[in-house]
């Protein structure tokens, strides 16, 4: 009996560490989105989203600080539910999508605190400018899905200053920043 217990202890001591899980963001089934809210002249708000983006993330429950995220966004997919406004947003005054065909976020750090809250920092390239930003993150949940897979979801919020990314079109002083809301559901690879 002592040998069995000793063998079990030795096996557990040399067992391979649990590795981080890799996930692909489920944009195919619309289980992820990137939305924005910006003041319009200080009188109302424009709400919208980017309809096309792809991404992946890595998350390790035993070492959350090792988590990594990479997202590519098609700025031409901007959708504010108004065709003429979207055309203007795609033009040179804003995203200039003919020149800047991709926006990208690549994480540089992930710091988790109690209750599943975290701060995700990374480099956002938008309109040809790369800046380090911070996103307040909350883990929504994780578990088995009905199709035999495993999913993990997060939501995040950040505020961007448009002029930091070379977007200087004047919509009034209340419209210098844009609030971003991100929801991602990842499918474990």
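All of the numbers you see were taken from the coordinates with simple rules; none came from a lab. On a predicted model such as this, the values are computed, not experimentally measured, just so you know. For neighbour counting, all protein chains shown are included, and Cβ atoms are generated from backbone atoms with ideal geometry for every residue, glycine included.
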With Cα atoms, 0 to 90° folded angle of helix 2-14 axis to the chain main axis: 20 degrees
Given contacts defined as C-alpha pairs under 8 Å and at least six residues apart, what's the relative contact order of the chain, whole-number percent? 23 percent
How high is the FRET efficiency between residue 174 and residue 119 when r is their beta carbon distance and R₀ equals 41 Å, given to the nearest 0.05? 0.95
Which values of log₁₀ I(q)/I(0), to two decimal places, follow from the Debye formula for region 70-120 at q = 0.19, 0.27, 0.33 Å⁻¹ with a uniform point scatterer at every Cα? -0.69, -0.96, -1.19
Here the equivalent ellipsoid of the chain, derived from its Cα gyration tensor, has semi-axes (largest first, whole Å) of 41, 16, 14
Taking only the alpha carbons of region 17-67, the radius of gyration and the largest Cα-Cα distance, Dmax, both in angstrom, are 16.7, 55
Calculate the radius of gyration of the Cα atoms of region 46-92 to one decimal place, then report Dmax, the largest Cα-Cα distance, as a whole number, both in Å. 15.8, 48
For residue 79 and residue 131, what is the calculated FRET efficiency with R₀ set at 35 Å and r taken between the beta-carbons, to the nearest 0.05? 0.90
Using helices alone, what [θ] at 222 nm do you get for the chain, with -39,500 (n - 2.57) per DSSP H run of 4 or more residues, divided over all residues and rounded to the nearest 500? -3500 deg cm²/dmol
